[in-house]
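Report on the structure given below.
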Amino acid sequence: MSSDEDQLKIAAAESAVTQISSGMVVGLGSGSTAAFAVAAIGRRVREGLRIVGIPTSESTAAQARTLGIPLTTLSEKPRVDITIDGADEVEEGNLNLIKGHGGALLREKIVAISSERLVIVVHDSKLVKRLGVTFPVPVEVVPFGWQTTARHLTALGTKPSLRKSGDGEPYRSDGGNYILDCWFDPSGSVESLADRLDHVVGLVEHGFFIGLTSQVHAAGAGGLRIL
């Protein structure tokens with residue numbers, strides 16, 4: 001990622017963070033772009049902003065602690081005022097998303113559905129006409145019998161690929177699960193496919209975020225757009 005692209009991500013993140021005010025419960029997203037938002041929140045906390053954060057991954061929790069952001073849990077604060085997160089793809093017409101290439105899709109979705117508002121920050125290269133064209137859909141599955149789960153996914157029209165770590169072993173999410181990266185026909189109905197994925201036994205969660213996004217802050221060479 002070039003420094004120019006990083007600066008655009010920072011601009012999108014800082015734009016989104018202006019919507020946070022004292023007293024809020026804030027979902028803290030995961031991934032490289034969300035990290036810029038967490039950094040901006042940390043700066044505002046040092047300047048006197050009083051919020052509590054709910055991290056969507058262990059790495060985000062570690063970053064937040066380093067920045068002095070007070071943390072809580074969904075059991076203590078089940079209602080989240082706003083979550084700021086990134087995305088792998090954003091469908092421009094309806095703001096549906098693909099998320100999960102950082103491996104945190106399960107916790108990200110749990111926090112997202114608990115939030116009054118989900119605000120997404122992206123480089124505008126993430127904006128697409130249809131989901132699934134440039135990124136596969138991450139699917140989190142339990143390790144037990146994952147091959148059987150993969151066969152059920154194949155029956156839906158995809159060829160699942162087991163994500164591997166740098167040492168060649170299966171990648172494990174924070175929840176200890178495997179992730180299958182799945183290419184689907186992008187011309188089909190995303191809503192219908194998401195519903196079918198919801199009924200696959202052994203599948204913990206998938207990376208389609210349908211009807212959850214309130215707003216997208218997208219920065220590019222032409223400036224910042226708020227969708």
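Restricting to the chain, compute how many DSSP beta bridges are antiparallel as a %, nearest 5.
50
Were the residues from S75 through V142 laid out at 0.36 nm apart, the gain over their Cα-Cα distance would be 21.8 nm.
Between I110 and Q7, the FRET efficiency from the beta-carbon distance, with R0 = 35 Å, is close to 0.65.
In deg cm²/dmol and to the nearest 500, what is the mean residue ellipticity at 222 nm of the chain if only DSSP H runs of at least 4 residues count, each as -39500 (n - 2.57), divided by the residue total? Intermediate results must be reported in sequence, preceding the final value.
Numbers: 6 runs with 67 residues, N = 227.
Estimated from H runs of four or more residues: -9000 deg cm²/dmol.
Taking 7 Å steps out from each Cα toward its Cβ at A155 and S189 produces label points 2.0 nm apart. Taking packing as the residue-averaged number of other Cβ atoms within 10 angstrom, the listed peptides 185-195, 99-109 run from highest to lowest as 99-109, 185-195. For the listed peptides 57-68, 12-23, a ranking on the average number of other beta carbons within 10 Å per residue, highest first, reads 12-23, 57-68.
Throughout, read-outs are computed from the coordinates displayed, never taken from laboratory work. As the structure is a computational prediction, the values presented were derived from the model and not from experiment. Positions of Cβ are generated from backbone atoms using ideal geometry, with glycine treated the same way; all protein chains shown enter the neighbour counts.
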